[in-house]
Amino acid sequence: MNNTDALHALLSIKSDDEFFLKKAIKIIAQEYSDQLKTADQFKALIVQLIASIDKSLSDQMSLILQQPRFEELEARWRGLNNLVSVPFNKQRIKIKCLDYDWQTVSNDVNLSSELKRCQLYNKIGNNELNTLGGEPFGLVLVDHNVSAELNDFSEYDDIYTLELLGALGQYCLCPFIMSPDEFFFGESDGSWFSDIKRVKKIIEGPDYSSWQKLRNVASSRFIGLTLPKLKLREQYKNHSCGFVLNEKSLKKHQGLYGSAHFAFASTIIREFNRISWFGFMKSRWNDRLQGAVLNLPDTCKNHLWYQPSPKVRIFGSIGKFYAKQGFIPLAHSPLTTKYYFMDNHSVWAGQNHQDDKVLSLIQTTLICCRVAHYLKVQIRELLGSFFSANECEQHLSKWLSKYVSNVSSANDETLAKYPLRSAKISVKEIPNSTGEYFCEISLQPQYQFDMFAGQILLTTDLTEG
């Protein structure tokens, strides 16, 4: 319709006018009167005009949907929606959202004179871990794609900020999980990603010295980085939303993709919901969807993670490479339709010692933190009740002994009931601080998957307020 007067007449009709349709049809019929001979021709014209409007709206909506900042926002909410829609007991497991962007987080930890004075420590550590009635956080997801170089979106180096978050996680007894940027290794396509020799040269090269330094910092075992990206929705086709939306994209991978850390968190939640423990997160079974496996059961067929769709499909040797380099890759089992998170390695490289193989796992950090949470909760409820460090030590040792057993081959439920092979607690009074104790805990967890149980040493201040 090219007649300006006719367009003006159409636009002047109020949408709440009860005769809107009749008036609009009359104007259109008058405008095309010389071209229309039959009722069928008029119907075809209306359909053509509607299709033209749908196409114009689809073109505009496609530009909005594929704008990078909008994609990031949509991916965040869809990832969170996927996480909370996983079946679990909402009374036992709580998910809380903190509205901090990455710039705020970076400013907070980089500008604080010490980490225990930053806002994040106050919210996660002081308010929940150290305060009577608080509920300690077991895991923190940071929906940010970590860059290996300085960028325009942050005033600070992401890698150094990761180092600070690792130290913060150690103080708060809570690991941080996020994902690397798509271009962390140089390029983002599958052929580049699967060329592990080239990737190895890149991340071991001089340009990645800050990454190499981070991997040697012990507190980086409180940091987990997941990959690759997962599909969150298909490209819109004939989608009804007030008009018929057909999304147009020139991208190689159609649809919307988001980071894998939400999916990894779901495996942690499902394991805790199943047996209240994290010792079997590496495990995989042929007949069960649990442990490291992301796929959901048949009761969740409408969920995206019932059959995940990663942007890059990772198999055994490539997955092992990225796990060894300090990432948590989502791998595909070639003999089944299952996807699983391989090894749940933290960023920490360790020193090639047997115990370090256990200490570098996120599941080990979760185990240590869970035990420490219970110790903290017990102590903060009994502040002022102990006359000596020895009395405090005896109380905690008696409690912890209930979860110790030398059984090594049993079902998951039994091993979760007695999750420790051995445990020893040492409580000492802090010099020049009457009534304040320093606790050292030595744990040997039950591990079913690799039949290896390393010694874990955990230290914490029991009376910090």
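The values are calculated or read from the model by the stated rules, or taken from the named source; none is laboratory data. What you see is a predicted model; the values in this text were computed from it and never measured. Here the Cβ positions follow ideal geometry from the backbone for every residue, glycine too, while neighbour counts run over all protein chains shown.
Couple of notes before you dig in:
- Within the range 438-460, if we keep just the residues that are under 14 Å from LEU396 (Cβ atoms) and at pLDDT 65 or above, the residue that is farthest from the chain's Cα centre (by Cα) turns out to be PHE438.
- Residues of the range 121-136 classified as in a loop (DSSP other than H, G, I, E, B) and either of a type in the set (S, T, N, Q) or free of Cβ contacts under 8 Å to residues at least 40 places away in the same chain (or both), total: 4
- The residue that is farthest from the chain's Cα centre (by Cα), counting only those in the range 154-193 that are among the aromatic types (Phe, Trp, Tyr) and over 18 Å from THR104 (Cα atoms), is TRP192.
- Flag for SER112 being polar (S, T, N, Q), outside the structural domain of GLU271 (by TED's automatic domain parsing) and either farther than 25 Å from ASN246 by Cα or surrounded by 12 or more Cβ atoms within 10 Å (Cβ to Cβ) (or both): no
- Pairing each residue of the range 331-343 that is at positive phi with any residue that is buried (at least 23 other Cβ atoms within 10 Å of the Cβ) and in a strand (DSSP E or B), provided the two are 6+ apart or on different chains, yields C-beta distances under 8 Å for ASP343/ILE328; ASP343/LEU361.
- Pairs with Cβ under 6 Å, 6+ apart, first in the range 292-314 and over 20 Å from VAL84 (Cβ atoms) and assigned by TED's automatic domain parsing to the domain that holds THR336, second crowded, with 19+ Cβ neighbours inside 10 Å and small (Gly, Ala, Ser): ILE314/ALA331
- ARG76 vs. criteria at pLDDT 95 or above, within 40 Å of the chain's Cα centre (by Cα) and either in the same structural domain as HIS239 (by TED's automatic domain parsing) or aromatic (Phe, Trp, Tyr) (or both): yes
- Hits in the range 168-201 - residues which are more than 16 Å from ILE328 (Cα to Cα) and among the polar types (S, T, N, Q): GLN170, SER188, SER191
- The number of residues in the range 419-437 that are buried (at least 17 other Cβ atoms within 10 Å of the Cβ) and at pLDDT 80 or above comes to 6.
- Looking only at the range 95-112, residues that are of a type in the set (S, T, N, Q) and under 15 Å from the mean Cα position of the chain (by Cα) come to 0 in all.
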